[in-house]
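Notes for the one structure printed next.
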Amino acid sequence: MIIISDNSALSALAEINLLSLLPTLFGEVSITESVQRECQNCGAPEALRLWIASAPAWIHIAVDPAVLLPETANLGAGEASAITLAWEHRQDCLLILDEKRGRRVAAALGLPKTGVLAILADAANQGLVDFEEVVGRLAAVGFHMSESVISQVRARLR
């Protein structure tokens with residue numbers, strides 16, 4: 001299975017120092033060149049910029065798709081390229097993204113997707129993190145999440 005991440009999930013996990021969950025849960029994770037540039041952008045969290053400057057071996061940088069899906073026209077470059085790459089691998093991929101507009105496009109395309117909260121729930125189910133504690137840390141760094149989504153994800157905890 002190919003795991004493809006957008007910048008939003010990387011940014012959130014970097015800010016709470018939990019990027020290490022990705023290789024533990026998924027092995028290799030692919031990002032597009034556009035996502036890599038977003039990670040390097042001066043507006044990105046410092047923890048993310050430092051991390052991407054010496055990206056670990058488990059991150060695969062994929063060439064941006066030559067032509068983006070028309071459905072992604074109103075999205076940022078990173079999201080559009082990640083969704084298009086996922087579409088190219090739709091038979092065997094999982095897309096990690098959190099922004100509402102991108103998730104709506106991915107859902108309309110029938111792409112399998114997950115987000116930071118679901119990743120944290122999976123990690124909690126494996127005993128890697130305390131879900132409530134890491135959700136509190138996410139909230140403290142300004143990650144936007146609704147109480148209804150938190151409740152839905154909390155229901156997945158064992």
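Here, each number is a calculation from the coordinates, and none is a lab measurement. The shown structure was predicted, so the numbers you read here are calculated from the model rather than taken from an experiment. Here the Cβ is made from the backbone with ideal geometry for all residues, glycine too, and neighbour counts use every protein chain on show.
As a footprinting exposure proxy, order 20, 146 by other Cβ within 10 Å, with the fewest listed first.
146, 20
What list do you get for 100, 113 if you sort them by fewest beta carbons within 10 Å?
Numbers: 100 9, 113 21.
Least crowded to most crowded, the residues run 100, 113.
Which ³J(HN,Hα) values, rounded to whole Hz and listed in residue order, are derived for the stretch 102-112 from phi using the Karplus coefficients 6.51, -1.76 and 1.60 in 6.51 cos²θ - 1.76 cosθ + 1.60 with θ = phi - 60°, glycine and proline given as x?
x, 5, 5, 4, 4, 5, 4, 7, x, 7, x
Please work out whether the stretch 1-68 counts as rounded, prolate or oblate from its C-alpha gyration tensor, where a ≥ b ≥ c are the square roots of the eigenvalues and a/c under 1.5 means rounded, while otherwise a/b larger than b/c means prolate and anything else oblate?
Taking the square roots of the gyration eigenvalues as a ≥ b ≥ c, the stretch 1-68 is oblate.
What net charge do the residues around residue 122 carry, taking every other residue with its C-beta under 14 Å from that of residue 122, with Lys and Arg at +1 and Asp and Glu at -1? Can you show the working numbers first?
Values: positive: 113, 154, 156, 158; negative: 130.
Here the count lands on +3.
Find out how many positive minus negative residues lie around residue 77, taking Lys and Arg as positive, Asp and Glu as negative, among other residues whose Cβ is under 12 Å from that of residue 77. Walk me through the intermediate numbers first.
Details: positive: 37; negative: 6, 33, 38, 64, 79.
Taking every other residue near residue 77 into account, the sum is -4.
D for the stretch 34-79, whole µm²/s, Stokes-Einstein with Kirkwood Rh over alpha-carbon pairs at 10 °C and 1.306 mPa s: what number?
133
Treating only the Cβ of Lys, Arg, Asp and Glu as charged (+1, +1, -1, -1), what charge dipole size does the chain show about its Cα centre? Round to the nearest 20 debye.
With only Lys, Arg, Asp and Glu charged at Cβ, the dipole is about 300 debye.
Using the scaling law 2.2 N^0.38 Å as the reference, what is the normalised Cα Rg of the chain?
Compactness ratio reported: 0.98.
If one puts a single equal scatterer on every Cα of the stretch 60-149 and applies the Debye formula without solvent, what log₁₀ I(q)/I(0) results at q = 0.11 Å⁻¹?
-0.37
What number, in percent, do you get for the relative contact order of the stretch 2-154 if the mean sequence gap of Cα pairs under 8 Å and at least 6 apart is divided by its residue count?
Relative contact order for the stretch 2-154 comes out at 26 percent.
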